[in-house]
1. How much of the accessible area of region 208-287, probe 1.4 Å, is carbon plus sulfur, in whole percent?
2. Dipole size in debye (nearest 20) for region 9-158 around its Cα centre, Lys and Arg Cβ +1, Asp and Glu Cβ -1?
3. Over the alpha carbons of region 183-300, what is the largest minus smallest coordinate on each principal axis, giving the biggest first in Å?
4. In whole percent, and with a 1.4 Å probe on the protein chains, what portion of the accessible area of region 1-153 is carbon and sulfur?
5. Can you spot the aspartates and glutamates whose alpha carbon is less than 15 Å from Lys273's alpha carbon? Ignore those fewer than 8 places along the same chain.
6. How long, wide and thick is region 29-132, going by the Cα atoms along their three principal axes, in whole angstroms, largest first?
7. For Glu25 and Arg78, compute 0.36 nm times the residue count separating them, minus their Cα-Cα distance, and round to one decimal in nm.
8. Nearest-5 percent of antiparallel DSSP beta bridges in the chain?
Amino acid sequence: MRNSESDVVIVGASFAGLATAHFTEDASVLILERQKELGKAQKSTCATSVAWMEKLNCKDSVLKTFDYLTLHSSDGTRARIRLPQSFCTIDYKKFCTTLAGNLKNTEILTGKGVLGIEANASNTVLTRDGRYSGKILVDASGWPGIREKGHKKLNGTKRIRPSFGLEIETGFSGDSDSFHIYYGKRFIKRGYAWVFPTGKDTARIGVGGYSGFNPRETLNGFLEALDIKTKDLAPHGGHLPVNGLGSPVKGKAFVVGDACWQVLPLSGEGIRKTFEYAELCGGIITKVLHDELTFEDGLEEYSNKVFEAERFYGNLRFVQVLATHCPDWGRNRIVSSLSRADETKLERLLVRYFNDEIRSSKARMLKTVIGGMLA
């Protein structure tokens, strides 16, 4: 067991944990990872903006870049939309090992089953083989977060049911300069399906549902709809907490990534947002360690900054509920109207999305959605 105290102890060595360590300067950092091998357990599609791969010095892990999003409805209508920034799929293991290799004054211990976090006067992380202490603790353990494991009720009194996604990487001969999102009961009743290219003739193909669906059965059905035959390929997947923002601070621990539910509702995009909040968290921790902020002020500043996007997350959650219950004819009409819409207006809308600026009233948003259905 480690006896000396680190400046920062981070639970989790995936996107949130590694990025937080990257943005924490001039500090000794200890990262505790449950998996025995770094980057072994890929759970998501692993797609994010190219700009973040460049900023984290991990561009070598990029598999495929694309500048377009294509929406598909169940009647075959397509809307192809230019993205305001390039996106990419990445090699998860290569990303983790590359970013970890670039970290300074950081020790990563794998195979550490964390049992709990005591973010108080002792500031320790309890594992199966002992305790690890630090001046500052960060929970980047993913859904539902170390402090919530085993709890029947989350977020006070409300039980949260996250979305679940399942995908497979296989051959794909469609447009590779775009990623594809599919809506409609033909593909999945309460959710959406996707195709993210990983190369010229390969892609990660999956389905994500909010409740009441069989992931493997639905994935097989979607693959059949695309006329893709797979055999003996193991899928991967995981939970997506698309329920609005969770608590950025639990006890006296900073919480980053899926443990804070920093996954955008509706789209299920989490990696880009995780990097944004990891940069924020790492910067605040650096200020605390440099005595530019008190520890309590640092916790408060992080919490306040994260919750600035609470309405944005809430609005996306509202549209997600509408989309889940929208009839197929409504989805078809919306995609059809988007296919005819002015490209500049669509790009402006996506810019607002990327900048967390979709904060209209729910009544106005409902009016917009209904207008799209009737267009």
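The values are calculated or read from the model by the stated rules, or taken from the named source; none is laboratory data. Note that the coordinates shown come from a computational prediction; the quantities given were computed from them, not determined experimentally. Virtual Cβ from ideal backbone geometry, glycine too; neighbours counted across all protein chains shown. We work out accessible area using only protein heavy atoms, side chains counted, and drop any ligands, DNA or RNA first. Shrake-Rupley method; radii C 1.70, N 1.55, O 1.52, S 1.80 Å.
1. Of all accessible area on region 208-287, carbon and sulfur atoms account for 48 percent.
2. It comes to approximately 500 debye.
3. Cα spread of region 183-300 along its principal axes, largest to smallest: 60, 33, 23 Å.
4. It is 43 percent, rounded to a whole number.
5. Asp258, Glu308, Glu310, Asp356, Glu357
6. 57, 32, 26
7. 14.5 nm
8. Among the beta bridges of the chain, antiparallel pairing accounts for roughly 70 percent.
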